[in-house]
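*Asks:* One structure follows; several queries about it will come next.
The values are calculated or read from the model by the stated rules, or taken from the named source; none is laboratory data. What you see is a predicted model; the values in this text were computed from it and never measured. Cβ sites come from the backbone with ideal geometry, for glycine too, and all protein chains shown count toward neighbours. Side chains are part of the model used for accessible areas, which takes the heavy atoms of the whole protein and leaves out ligands, DNA and RNA. Shrake-Rupley method; radii C 1.70, N 1.55, O 1.52, S 1.80 Å.
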Amino acid sequence: MPSSAPLFAATLSDLDDKPVALERYKGKPLIVNFWARWCGPCRAEIPEFIAIRNAHKGKLEVLGIGIEDKVEPVREFAKAYEMDYPIFLAREKGIPLMQALGNTRGGLPYTLLIDRNGNILQKRLGVMKKADLDAAAELLLKAR
């Protein structure tokens, strides 16, 4: 598995276009999802990310990293899809960051499971369904 170091070293913009150092999420079990508005499979899995986060509130965090350049359309998209988890814009850092985290093809959606120690437990190119996310949450919450 690749190292999570590039993720925690990154500073991306939030939906208010303010820089956020992702190291602030270190020490928490994470489901990190790279997505884009134009990606149909990405849109299909958003309700499942919302549900898994709500089912495990305070125990694990979902981060959405948009392979996007402009904050306004992403903010509107996140509101329309009721994305209540932290969303970031990767801008020009998106593809290189995904590649550094093991997505050599640069395809979307791409999801990582990172335990509280910063270890990448799984990486997945393609849609995460409810059963996948239930198993992911179980794995993340078991990992010490």
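*Asks:* Kindly establish whether residue 43 is surrounded by fewer than 20 Cβ atoms within 10 Å (Cβ to Cβ), basic (Lys, Arg) and in a helix (DSSP H, G or I).
*Replies:* Yes, satisfied.
*Asks:* Something else now. Residue 62 fails exactly one of the following numbered conditions: (1) in a helix (DSSP H, G or I); (2) open to solvent by less than 10 Å² (accessible area, probe 1.4 Å); (3) touching a Phe, Trp or Tyr at 6+ places or on another chain (Cβ under 7 Å); (4) not hydroxyl-bearing (Ser, Thr, Tyr). What is the number of that condition?
*Replies:* For residue 62, the failing item is (1).
*Asks:* Could I ask something else about it? So which residues in the range 4-19 are under 21 Å from residue 59 (Cβ atoms) and not small (Gly, Ala, Ser)?
*Replies:* 7, 8
*Asks:* To continue, here is another question. Filtering the range 65-74 down to residues that are part of a loop (DSSP other than H, G, I, E, B) and open to solvent by less than 80 Å² (accessible area, probe 1.4 Å), which residue is nearest to residue 111 (Cα to Cα)?
*Replies:* 67
*Asks:* Oh, and also: Do you know which residues across the range 91-101 are in contact with an Asp or Glu (Cβ under 8 Å, 6 or more places away or on another chain) and either open to solvent by less than 40 Å² (accessible area, probe 1.4 Å) or within 16 Å of residue 49 (Cβ to Cβ) (or both)?
*Replies:* Scanning the range 91-101 gives a single hit, 94.
*Asks:* Would you mind telling me which numbered condition in (1) open to solvent by 70 Å² or more (accessible area, probe 1.4 Å); (2) touching a residue at least 40 places away in the same chain (Cβ under 8 Å); (3) of a type in the set (Val, Ile, Thr) residue 104 fails?
*Replies:* The single condition residue 104 does not satisfy is (2).
*Asks:* For residue 28, which of the numbered conditions (1) closer than 18 Å to residue 141 by Cβ; (2) within 12 Å of the chain's Cα centre (by Cα) fails to hold?
*Replies:* (2) is the only condition that residue 28 fails.
*Asks:* Here is a follow-up. Please find, among 77, 49, 34, 88, the residue that is under 14 Å from the mean Cα position of the chain (by Cα), in a helix (DSSP H, G or I), modelled with pLDDT of 95 or more and surrounded by 14 or more Cβ atoms within 10 Å (Cβ to Cβ).
*Replies:* Criteria check complete, one pass: 49.
*Asks:* Looking at the range 32-52 only, could you name the residues that are farther than 11 Å from residue 83 by Cβ, aromatic (Phe, Trp, Tyr) and touching a residue at least 24 places away in the same chain (Cβ under 8 Å)?
*Replies:* 34
*Asks:* Residue check: is residue 109 open to solvent by 10 Å² or more (accessible area, probe 1.4 Å) and at pLDDT 95 or above?
*Replies:* no
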